[in-house]
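Novice: Below: one structure in C-alpha cells.
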C-alpha cells in the first residue's frame, strides 16, 4: 500500500507505444513472444558480463586518456617554449650587434670631432654622438631585459621537460597495468561480444532499440530483470500478483511501472 502511494511515474518505451506496437506485431514474426523475451534476457546476461569485465579495468582507461592528453599538452608547451627561446636569443643577438655598431659610430664621430674646421660640424657630430649614446643605453637595456626573459623561459622549459618525462613514465606504467588486465579478459570479452552480436541479430530491430534505450537510462545497465520475492529485481518495488502472473506467462511485454525495466519470467534464470 505504501509503495503504491510513493510511486513515481517513470517514462518508459511503453509510454510512447513502442512495446505496445511490438506486442501487436508479435504474431507477424517468426518467434513467439516468450522466445523474444528469453533472447532479451540472455542478451542482458551477456551484456552484464561484459560490463563486469569493463568494471575490472576501473578508471585505468580514463587515467590513460588523461595522461595522453597531458603529454600532448606538455609536448606542445615544450615546442612553444623552445620557439620562444629562439626568438629571444635572436633579439639579444641583434641588440648586441646594434650595441657594437653604436659604440663604433661613437668612436668614429669622436675622432672626426678632433678634425672639424667649424663649430657647426662640431655640434652636428656632438648630436650624433649623443644619439648613439642613447642607442647604446637602449640596446643595453633591451639586452638585460631579454636576458632575464630568456632565463625564465629556459627555467620553465626545464620544469616542463621534467613534467613531460614524469607523465610519460606514468603513462607507460598505466598502459602496462591496463594491458595486463585486458590480456587476462580479452578472450572472454571477445567471445561475449560475439555471442551478444549473435543474439542481437535474432531480435526485432524495434525491440532491440527499446532494450538499448532502457539499458542506457538504467543506473546499473540492467534493462531486463526478473521478479524476485514479489518485487522487481531492478528497483525492488513490489509487483502486484496479477502482474506477476502476466510476467510468468511470457505472452506480452511487461514493464516495471516504477523504473521502466522489462520484466521477464524468473524461470529464465538458470537453476543452480
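Bear in mind that the values in this text are calculations on the coordinates, not laboratory data. Note that the structure is predicted; figures quoted are calculated from it, not measured.
Novice: What angle do you read, to the nearest 10 degrees and between 0 and 90, between the alpha-carbon axis of helix 119-201 and the longest principal axis of the chain?
Specialist: Computed tilt is about 20 degrees.
Novice: For log10 I(q)/I(0) by the Debye sum over Cα atoms at q = 0.07, 0.11, 0.13 Å⁻¹, the listed values are (1) -0.54, -0.81, -0.95; (2) -0.22, -0.56, -0.79; (3) -0.25, -0.63, -0.86; which was obtained by calculation from the structure presented?
Specialist: (1)
Novice: What's the center-to-center distance, using Cα atoms, between the range 230-268 and the range 30-66 in Å?
Specialist: A separation of 20 Å, based on Cα centres.
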